[in-house]
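**Student:** Here it is: the structure, laid out below.
The values are calculated or read from the model by the stated rules, or taken from the named source; none is laboratory data. Here the structure is a predicted model, which means the values were calculated and not measured. No Cβ is skipped: glycine too gets one built from the backbone with ideal geometry, and neighbour counts run over all protein chains shown. Accessible surface areas use protein heavy atoms only, side chains included; no ligands, DNA or RNA. Shrake-Rupley method; radii C 1.70, N 1.55, O 1.52, S 1.80 Å.
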Amino acid sequence: MAVYTKISKKDISYINRKFDIEKILEFKGIKQGIENTNYLLKSKSKKFILTIFEKRVSKKELPFFMNLMDKLNKSKINCPKPQMKKDGGYLINLKNKAACIVSFLNGKDKKSLNIKNCYDIGKMIAEMHQSTKKINLTRKNSMGVKNLNPLLKSIRFKSRKFINVEKFLKNNFKDIKTKWPKNLPNGVIHGDLFIDNIFFKNNRLSGVIDFYFAANDYFMYEIAICVNALCFDKKKSEFVLNKKKVKNLIKGYEKIRKILIKEKKSLNILCRGAAIRYFMTRLYDYSNTPKTALIKIKDPREYYQKLVIHNNLRTYKDYLD
């Protein structure tokens, strides 16, 4: 989440005319995150989130995300519910951009996860995967490893901090694409399960937000994204893989859905692929984001470190013992 597009009281009046929800009285920009513009909207008794879509989200794909969140709600997966307009549909145009309003999810993200949190997240992911197997929705993963060539070409390697990065990145990318697994169990995945997209209330998992990278991909790739995003601990300026967190994430997942041997064998290459994806997107944002944007840029070096760690691991057991 971030604030690229500024809105006014006039825009709120337009929203109040369009949506069949309690009248919005207050609005405030949300700074966290890096992809879309988000505002917290408040009525007399409820809260909503307004999302204005920016950058990498294609307008023609937005109905997929709306339908996915709606269907997940019906499957008892706790996530934001898209609000319907008075004339039907979920999307409006705001400042010449597509926008939607979703329900406010109670709880908040944690600064760090404990072992039990990782178990609960693993279980929730498997429940979500079991639900999406039954949902007749399809979207190609635009941020899948084999679709990252345009992103790589758009990165400007200007900063002195990243003098040797270009060669490292291109060599790893080539190797990862060559070794990418085939024919693993798949379906719709969330695709972006970072700690700030997972909410807790009274230390219990209360739900998941930000489905705008959801797509069809390997279920095990979701686990790999989570290993990268949730199972490393930062010690001073260094990131260290916490194997107890990985073990509990997978244990929670397997409480609901058993992971096949071929999926386990693919964990290392999938973790490398997930790491290079976020390394690329952060490099892009670091070098391409306008200075006027109200946004917190995330450090690309985090995923450089994580990719190096994965490059020194090989087997499934390397992640657990």
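**Student:** Which of (1) touching a helix residue (DSSP H, G or I) at 6+ places or on another chain (Cβ under 8 Å); (2) under 21 Å from ASN78 (Cα atoms); (3) crowded, with 21+ Cβ neighbours inside 10 Å; (4) at pLDDT 95 or above is the odd one out, the single condition ASP210 does not satisfy?
**Tutor:** (4)
**Student:** Next up: Let me confirm something: among LYS262, LYS255, which residue is surrounded by fewer than 15 Cβ atoms within 10 Å (Cβ to Cβ) and within 22 Å of LYS179 (Cα to Cα)?
**Tutor:** None of the other options fit; the residue is LYS262.
**Student:** Here's another thing I want to ask about it. Look through THR138, THR132 and report the one residue that is loosely packed, with under 14 Cβ neighbours inside 10 Å and among the β-branched types (Val, Ile, Thr).
**Tutor:** Among THR138, THR132, only THR138 is loosely packed, with under 14 Cβ neighbours inside 10 Å and among the β-branched types (Val, Ile, Thr).
**Student:** If you don't mind, another one. Give the residue, chosen from ASP120, ASP70, that is touching a residue at least 40 places away in the same chain (Cβ under 8 Å) and among the acidic types (Asp, Glu).
**Tutor:** ASP120
**Student:** Could you grab me the full set of residues in the stretch 78-112 that are exposed (fewer than 15 other Cβ atoms within 10 Å of the Cβ), part of a strand (DSSP E or B) and polar (S, T, N, Q)?
**Tutor:** ASN93, the sole residue that qualifies.
**Student:** For LEU40, are the conditions met, namely being open to solvent by 20 Å² or more (accessible area, probe 1.4 Å) and aliphatic (A, V, I, L, M)?
**Tutor:** yes
**Student:** A further question on this structure: Residues to consider are LEU241, LEU270; find the one that is open to solvent by less than 30 Å² (accessible area, probe 1.4 Å) and over 23 Å from PRO150 (Cβ atoms).
**Tutor:** Exactly one of LEU241, LEU270 is open to solvent by less than 30 Å² (accessible area, probe 1.4 Å) and over 23 Å from PRO150 (Cβ atoms), namely LEU241.
**Student:** Within the stretch 265-307, can you find the residues that are assigned to a loop (DSSP other than H, G, I, E, B) and modelled with pLDDT of 95 or more?
**Tutor:** Selection gives SER266 alone.
**Student:** Let me ask you something else. Which residue is farthest from the chain's Cα centre (by Cα), if the candidates are limited to the stretch 222-264 and must be part of a helix (DSSP H, G or I) and free of Cβ contacts under 8 Å to residues at least 60 places away in the same chain?
**Tutor:** Per the stated criteria, the residue is ILE261.
**Student:** Is it true that LYS74 is out of contact with any Ser or Thr (no Cβ under 8 Å at 6 or more places or on another chain) and either open to solvent by less than 10 Å² (accessible area, probe 1.4 Å) or not polar (S, T, N, Q) (or both)?
**Tutor:** yes
**Student:** Here are ILE121, ILE125, ILE115: which of them is surrounded by fewer than 16 Cβ atoms within 10 Å (Cβ to Cβ) and modelled with pLDDT of 95 or more?
**Tutor:** So the residue among ILE121, ILE125, ILE115 that is surrounded by fewer than 16 Cβ atoms within 10 Å (Cβ to Cβ) and modelled with pLDDT of 95 or more is ILE115.
**Student:** Right, next: Find the residue count for the stretch 188-204, including only residues that are more than 13 Å from ILE223 (Cβ to Cβ) and not in a loop (DSSP other than H, G, I, E, B).
**Tutor:** 9
**Student:** Sticking with this one: Before we move on, is LYS201 farther than 15 Å from MET280 by Cα, modelled with pLDDT under 90, under 22 Å from the mean Cα position of the chain (by Cα) and loosely packed, with under 15 Cβ neighbours inside 10 Å?
**Tutor:** In short, no.
**Student:** Looking only at the stretch 168-182, count how many residues are in contact with a strand residue (DSSP E or B) (Cβ under 9 Å, 6 or more places away or on another chain) and part of a helix (DSSP H, G or I).
**Tutor:** Residues meeting the conditions: 0.
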